[in-house]
C-alpha cells in the first residue's frame, strides 16, 4: 500500500474527521472548495510533473541498474565473439602458393600481371596488320 510520509489511508481518515470537528460544519464546505482548487492547481503545475517523473525514476532505479548490468555483460560477450571471429578468420593468402596447379583458361593471371593473353600465336605467313596498305608515300606527292 502506498503511503505519503508514513501516513496511510486510516490515518488520513482520522485527520479529516478531526479537521471537520475543529473547523465546524459551517466553514467546512468553503474550506474544502479552497483545498480542492489548491490541489488542482498544484497537480497541473510543471514542477509536479517533474516531481512525478523523478519519483518514478527512483522507484524504477533498481530495475534499471540490473538491466544496464545485463546489457554490459551482453556487450562484453559480443565483443569477445567478434574478436574470436576476427582471430579465426585471419587467413594469409599468398597468390603464388594458392594458384599452383590451377589452370588459367581465360588468362586472368596474365591480365593482372600486365600482360595480355593471346590464345592464337601469330604465324609468319599472316600479313602484318600494324601498317595500313593504302597509305601513300610521302615522296610520291612531291
**Request:** Go through 60, 118 for me and flag whichever is at pLDDT below 85 and either out of contact with any strand residue (DSSP E or B) (no Cβ under 9 Å at 6 or more places or on another chain) or surrounded by 10 or more Cβ atoms within 10 Å (Cβ to Cβ) (or both).
**Result:** 118
**Scope region 19-52; condition surrounded by 10 or more Cβ atoms within 10 Å (Cβ to Cβ), within 21 Å of residue 5 (Cα to Cα) and within 42 Å of the chain's Cα centre (by Cα); matching residues** = 42, 43, 48, 49, 50, 51, 52
**Item:** Of residues in region 1-18 being exposed (fewer than 10 other Cβ atoms within 10 Å of the Cβ) and assigned to a loop (DSSP other than H, G, I, E, B), the one modelled with the lowest pLDDT
**Value:** 1
**Request:** Could you give me the residue pairs with C-beta distances under 8 Å whose first residue belongs to region 52-74 and is in contact (Cβ under 8 Å) with a residue 40 or more places away in the chain, whose second residue is outside any helix (DSSP H, G or I) and surrounded by 10 or more Cβ atoms within 10 Å (Cβ to Cβ) wherever it lies, and which are 6+ apart or on separate chains?
**Result:** none
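The values are calculated or read from the model by the stated rules, or taken from the named source; none is laboratory data. Nothing here was measured: the structure is a model prediction, and the numbers come from that model. Positions of Cβ are backbone-derived with ideal geometry, glycine not excepted, and every protein chain shown enters the neighbour counts.
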